[in-house]
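Below you'll find the structure, written out as structure tokens, and then a few comments.
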Amino acid sequence: MKTKILYLNETPFENGKKSGEYFRKIIQNQLQKIDSLLSNEKFLSQSKVLSMKLKEKYPTYYDEIYGKAKGANVDFDKYFLFLCPELYEKQDHCTTIICKNLNNNFILSHNEDDEYTEDNFCLSKIKIKNGWFATNDIYHMPFGNGFSWNSFGIVKTINYCHEEYPNWENFSRYISQRHISEANSIEDLIKRCNEIKPASGFHVNALDINKNIAVTIEVYTDKIDVKYIDDFYIHSNHFLRGNQKNLIDEGSNSIFRQDKATDLFIKLKNHDLKSIKNILNYRSEDDTFEHSIFQTKKDPYITGMNFSYDIDTKNKVLLDVYVNDETLELDYDL
């Protein structure tokens, strides 16, 4: 298996350090590329304020990030700033479909799109109080971003949503997404989405695999919008509800992906994972980024992997890791 799995069973600092050691080369290279931006005194000053605030309120997350910087052998203040995508307009493009299958149980499939380079991700299983969560671990994010699943039966995916006016006083959206990864129920997930107001908004799809409940949550800088899913829901990278509905970043194909995926879904005869994944694999006849759902190396972003889950097969998670050219069927508890 090409995809590396890190088992992080120690202190938050040691867990972060082990992850940082794994990503050391790419973290050092990426920080060097934008050193002038990360050295900006105004940005660094705000970064220090937020990191001290995090240390006081959520020391576990602080220790994980501090450990990751130490493991990578980079300056902590600059690395913490690197994890604040609002400061340098970092965008992440993904598409998620969630629906009920023929047995009336929920299934979920998620394309994780990013600016992928070699060896920039692994899977990590992180020990927490009374349990664990597993996640795609990426060099420029804290644990729990992109997608994750945990010992409490909560499976979630994240979609970046473009924010016109970020709130620089709030923690980065990555910190909020880390926080909700430990949710022990849908109710706890909703509560956690409200507890850390992010600098920019995002979208959450989540399943309770034990109770067959699905929810979609749009998280704004000041509030959240919760919708329980009865049949199906599709989300790409813009808000579908709220004041910023349909707002996209420049050059985004988010509205096309949303509309095309919805159109293809409505025409489906069978609601199963194979059919859902086929939608997320859609490329236009002219093979262009603007009219495709699946992203290739020639596009601004690349679909690095697909994460799928079917409540009918509770003990398995499915991953198509395109950057490693492998398909994985993994035990839920790794």
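Bear in mind these aren't lab numbers, they're just calculated from the coordinates by the rules spelled out. These numbers come from a predicted model, not from an experiment. Note: ideal-geometry Cβ built from the backbone for every residue, glycine included; neighbour counts use all protein chains shown.
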Estimated inter-spin distance, K53 and N184, nm [label 7 Å along Cα→Cβ]: 2.8 nm
Peptides 71-80, 21-30, 1-10, 193-202 ordered by average Cβ neighbours within 10 Å, highest first: 193-202, 71-80, 21-30, 1-10
Stretch gain in nm, segment K297-T313, where the contour uses 0.36 nm per residue and the Cα spacing is subtracted: 2.6 nm
Residue-span extension gain [L268 to Y7] - 0.36 nm each, minus C-alpha spacing: 90.1 nm
Cα gyration tensor, the chain - rounded (a/c under 1.5), prolate or oblate: rounded
Note, ³J(HN,Hα) from phi for region 141-154, Karplus 6.51, -1.76, 1.60, rounded to Hz, x at Gly and Pro: 9, x, 4, x, 9, x, 8, 7, 9, 9, 5, 8, x, 9
Links that overshoot a 24 Å alpha carbon limit, given the list K100/K314; K53/K223; K100/K127; K269/K297; K53/K245; K129/K223: K100/K127; K269/K297; K53/K245; K129/K223
Percentage relative contact order, the chain, counting C-alpha pairs under 8 Å, at least six apart: 17 percent
Protection-proxy order for peptides 171-183, 52-64, 33-45, each taking the mean of Cβ atoms within 10 Å per residue, highest first: 171-183, 52-64, 33-45
Sites Q28 and E115, calculated FRET efficiency, Cβ-Cβ separation with R0 25 Å, nearest 0.05: 0.90
Per-residue ³J(HN,Hα) for region 288-305, Karplus 6.51 cos²θ - 1.76 cosθ + 1.60, θ = phi - 60°, Hz, x for Gly and Pro: 10, 4, 5, 10, 9, 9, 6, 9, 10, 4, 7, 8, x, 10, 10, 6, x, 6
GNM top mover of N324, N120, N136 - the chain, alpha-carbon springs below 10 Å: N324
Selected from I107, I98, I229 as most flexible by GNM, with the chain as the system and alpha-carbon contacts under 10 Å: I229
For A199, residues with placed amide H under 5 Å, excluding near neighbours: F171, S172, R173
Karplus-derived 3J(HN,Hα), 6.51/-1.76/1.60, for each residue of region 325-334, Hz, glycine and proline x: 6, 8, 10, 10, 10, 10, 4, 3, 8, 6
Region 5-86: C-alpha gyration tensor shape, a/c 1.5 cut-off, then a/b vs b/c: oblate
